[in-house]
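Quick notes on the structure that follows.
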Amino acid sequence: MVFYFHDIVYNGENYKNATSAIVGAPEWGNRTIMSSPNNFGDLIVFDDPITIDNNLHSPSIGRAQGMYFYDQKDIFSSWLGFSFVFNNSDYKGSLNFAGHDPLMNKTRDISIIGGTGDFFMARGIATLRTDAFEGSVYFRLHVHVKLYECWKLL
Amino acid sequence: MVFYFHDIVYNGENYKNATSAIVGAPEWGNRTIMSSPNNFGDLIVFDDPITIDNNLHSPSIGRAQGMYFYDQKDIFSSWLGFSFVFNNSDYKGSLNFAGHDPLMNKTRDISIIGGTGDFFMARGIATLRTDAFEGSVYFRLHVHVKLYECWKLL
Amino acid sequence: MVFYFHDIVYNGENYKNATSAIVGAPEWGNRTIMSSPNNFGDLIVFDDPITIDNNLHSPSIGRAQGMYFYDQKDIFSSWLGFSFVFNNSDYKGSLNFAGHDPLMNKTRDISIIGGTGDFFMARGIATLRTDAFEGSVYFRLHVHVKLYECWKLL
């Protein structure tokens with residue numbers, strides 16, 4: 001299963017289009033501009049559309065909802081806690097993710113720690129790749145979901 | 001296993017009774033009133049009593065401790081990361097939960113991602129139901145814990 | 001596997017040496033001094049060195065990166081979501097942790113909820129012990145990692 005999700009960070013002027021917002025920041029930061037250096041300490045809550053191709057304007061087939069925060073002082077790196085939420089004819093249910101995301105690596109794996117509905121008791125790995133990155137406002141992630149456990153409810 | 005837990009959000013005037021507090025909010029929000037619309041971006045840390053019936057004043061048999069944040073712009077929806085902590089004659093140990101909680105659904109499932117003590121290596125699902133909701137200050141959740149894995153330490 | 005990690009909280013004057021920073025706090029708190037009482041509601045993002053002995057100045061063999069927040073009103077207690085990140089000759093990959101950490105207990109267990117690389121599909125327990133604690137700025141944790149599941153990629 002391969003998906004894309006799209007994140008547009010609130011910058012003080014794009015409320016209508018923004019899909020995420022800084023809600024925590026260190027003392028030297030604020031909630032409309034990423035903290036410097038390396039966004040360290042910024043915590044972002046997101047409500048991002050999921051698409052099956054790399055076009056932000058394609059029909060969304062679900063939402064990626066949760067948080068990430070930047071947790072390295074000397075390079076861009078983050079930690080994610082979020083869910084993929086599906087309610088369409090192919091998939092109903094949610095996948096829960098958590099883990100370290102070293103953004104500067106071309107690909108990186110995070111853990112799938114559980115799921116509900118069609119993804120009952122899911123465990124596995126998601127391989128992330130940054131597919132686009134425009135300044136500090138827009139990025140797009142390519143996500144390859146690999147489930148190694150998933151139970152069927154009888 | 002069925003439990004209730006009770007959350008009273010700090011609103012600037014109820015410090016003594018409050019069991020939770022907003023600790024992060026988007027630029028348009030603050031830490032005593034939920035952000036509008038749909039509380040999007042508010043992050044709450046909680047220390048809630050667990051009871052076996054729906055009465056806030058019943059003896060507490062444990063604590064539900066952790067965080068939730070609201071992560072949908074157009075409806076009330078949240079994401080939870082928390083633990084049930086027990087230290088009584090029936091149960092000693094903690095259960096760790098994480099996942100998507102679409103509040104407007106009558107029931108919804110989140111993942112049990114681990115446990116300690118009597119709940120060593122637990123995995124499963126908790127089915128949540130909002131049992132009461134009074135403005136933006138008090139809510140009560142009915143929680144049905146369903147463990148599909150749990151190991152015994154020998 | 002036994003490790004130490006070292007946390008130096010930003011207090012407004014130690015930016016260069018700090019490995020963590022308060023990024024969320026309740027209305028009665030701030031981002032350079034822990035909130036009173038019991039730090040309740042403070043959320044800290046950290047980027048801490050991991051060492052194999054208890055010396056902060058020993059060569060670091062990895063990073064402990066993530067967050068913790070204080071979630072009990074009447075005592076010091078916290079909740080952790082973080083990763084151990086290794087990229088050395090012994091270990092390559094990450095371990096993801098989540099759970100309740102009752103700091104006042106001599107030892108306490110949190111859940112290992114997943115892993116990547118050498119720790120693919122890891123599950124288990126980490127036993128934490130506070131090895132040193134100096135005011136509200138420095139602490140050192142002794143971590144005993146116990147994996148009960150871990151898959152080998154063929």
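Quick check on B:ILE61: is it of a type in the set (Val, Ile, Thr) and within 13 Å of chain A (Cβ to nearest Cβ)? Give the derivation first.
Values: of a type in the set (Val, Ile, Thr): yes; within 13 Å of chain A (Cβ to nearest Cβ): no.
No, not satisfied.
Out of C:ASN30, C:ASN39, which single residue is within 12 Å of chain B (Cβ to nearest Cβ), on the phi > 0 side of the Ramachandran plot and part of a loop (DSSP other than H, G, I, E, B)?
C:ASN39
Search segment B:1-27 for residues being more than 17 Å from B:SER78 (Cα to Cα) and out of contact with any Lys or Arg (no Cβ under 9 Å at 6 or more places or on another chain), and hand back the single one that is nearest to the other protein chains (Cβ to nearest Cβ).
Taking the candidates together, the pick is B:TYR15.
Mind checking which pairs have a first residue in segment C:43-71 that is of a type in the set (Asp, Glu) and a second that is open to solvent by 50 Å² or more (accessible area, probe 1.4 Å), Cβ under 8 Å, 6 or more apart or different chains?
Qualifying pairs under 8 Å: C:ASP47/C:ARG63; C:ASP48/C:ARG63.
Would you mention how many residues in segment A:51-93 are under 26 Å from A:THR32 (Cβ atoms) and of a type outside the set (Ser, Thr, Tyr)?
18
On the given criteria, is B:SER60 crowded, with 24+ Cβ neighbours inside 10 Å, among the hydroxyl-bearing types (Ser, Thr, Tyr) and modelled with pLDDT of 95 or more?
Values: crowded, with 24+ Cβ neighbours inside 10 Å: no; among the hydroxyl-bearing types (Ser, Thr, Tyr): yes; modelled with pLDDT of 95 or more: yes.
Against the criterion (crowded, with 24+ Cβ neighbours inside 10 Å, among the hydroxyl-bearing types (Ser, Thr, Tyr) and modelled with pLDDT of 95 or more), B:SER60 does not qualify.
Scanning segment B:118-130 for residues that are over 13 Å from the mean Cα position of the chain (by Cα) and within 12 Å of chain A (Cβ to nearest Cβ), which turns out farthest from B:ASP71 (Cα to Cα)? Break it down stepwise before answering.
As a first pass, look at segment B:118-130 and keep what is over 13 Å from the mean Cα position of the chain (by Cα): B:118-125.
Adding the requirement that they be within 12 Å of chain A (Cβ to nearest Cβ) leaves B:122-125.
Numbers: B:ALA122: 27, B:ARG123: 25, B:GLY124: 23, B:ILE125: 21 Å.
This residue is B:ALA122.
Does segment A:136-152 hold any residues that are open to solvent by less than 50 Å² (accessible area, probe 1.4 Å) and free of Cβ contacts under 8 Å to residues at least 60 places away in the same chain, and which are they?
So the first thing to find is which residues in segment A:136-152 are open to solvent by less than 50 Å² (accessible area, probe 1.4 Å), and the list is A:137-143, A:145, A:149.
If the condition is that a residue be open to solvent by less than 50 Å² (accessible area, probe 1.4 Å) and free of Cβ contacts under 8 Å to residues at least 60 places away in the same chain, then A:GLU149 is the only one that fits.
I need the full set of residues from segment B:1-42 which are open to solvent by 60 Å² or more (accessible area, probe 1.4 Å) and either touching a Phe, Trp or Tyr at 6+ places or on another chain (Cβ under 7 Å) or without any contact (Cβ under 8 Å) to a residue 24 or more places away in the chain (or both), in order please.
Within segment B:1-42, B:GLU13, B:TYR15, B:LYS16, B:ASN17, B:GLU27, B:TRP28, B:ASN30, B:ARG31, B:SER36 qualify.
The values are calculated or read from the model by the stated rules, or taken from the named source; none is laboratory data. Small disclaimer: the values here were computed from a predicted structure and weren't measured. Every residue, glycine as well, gets a Cβ built from its backbone with ideal geometry; the counts of neighbours run over all protein chains shown. For accessibility, only protein heavy atoms count, side chains too; no ligands or nucleic acids. Shrake-Rupley method; radii C 1.70, N 1.55, O 1.52, S 1.80 Å.
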